[in-house]
């Protein structure tokens, strides 16, 4: 490039030392990036709550008495946790499972079909978020007794 061309083009802002409090709040993350971060969060949430998941499975299939105790946890609570808080944790697990599943299928679809474009990434991320949130709301309504 000549000196004339470089002087007419505007320089992009360079980030050498990023200040997390000043620079990051103004950064707009693309929808596909948000889905990617939520995919990791949902996987970590399922991993961290794995002992609770195993307890729920064990309590629900061991015997009729343990199944009644399992159902009672959702109504009366568990220790110092009230029943509505247990339901919120289960709702978070429902969201984590659904989001992780749908985002994983999205990644498999992109890998199989080599669909790596900005438009497809944005559209599939919107579908992933829409499906996971709507299915979570539907199952959450059932969990909280709306139908």
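What to note about this one:
- Counted residues, the range 136-147 - those being in contact with a helix residue (DSSP H, G or I) (Cβ under 9 Å, 6 or more places away or on another chain), without any contact (Cβ under 8 Å) to a residue 40 or more places away in the chain and closer than 24 Å to residue 35 by Cβ: 0
- Any hit, the range 72-89, residues being under 30 Å from residue 28 (Cα atoms) and in contact (Cβ under 8 Å) with a residue 40 or more places away in the chain: yes
- Of all residues making up the range 99-118, the number that are buried (at least 16 other Cβ atoms within 10 Å of the Cβ), closer than 22 Å to residue 50 by Cβ and in contact (Cβ under 8 Å) with a residue 40 or more places away in the chain: 3
A quick yes/no check of all residues on (1) at pLDDT 90 or above; (2) over 19 Å from residue 135 (Cα atoms):
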| site | (1), (2) |
| --- | --- |
| 34 | yes, no |
| 58 | yes, yes |
| 101 | yes, no |
| 108 | yes, yes |
| 116 | no, yes |
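- Single unsatisfied condition, residue 132 versus (1) within 27 Å of residue 52 (Cα to Cα); (2) modelled with pLDDT under 95: (2)
- Any hit, the range 87-103, residues being in a helix (DSSP H, G or I) and over 20 Å from the mean Cα position of the chain (by Cα): no
- Residue among 26, 77, 121, 83 that is over 26 Å from residue 141 (Cα atoms), more than 13 Å from the chain's Cα centre (by Cα) and surrounded by 13 or more Cβ atoms within 10 Å (Cβ to Cβ): 121
- Restricting attention to the range 32-58, the residues that are under 21 Å from residue 117 (Cβ atoms) and loosely packed, with under 12 Cβ neighbours inside 10 Å total 1.
- Of the set (1) surrounded by fewer than 12 Cβ atoms within 10 Å (Cβ to Cβ); (2) part of a helix (DSSP H, G or I), all apply to residue 21 but (2).
The values are calculated or read from the model by the stated rules, or taken from the named source; none is laboratory data. Note that the structure is predicted; figures quoted are calculated from it, not measured. Every residue, glycine as well, gets a Cβ built from its backbone with ideal geometry; the counts of neighbours run over all protein chains shown.
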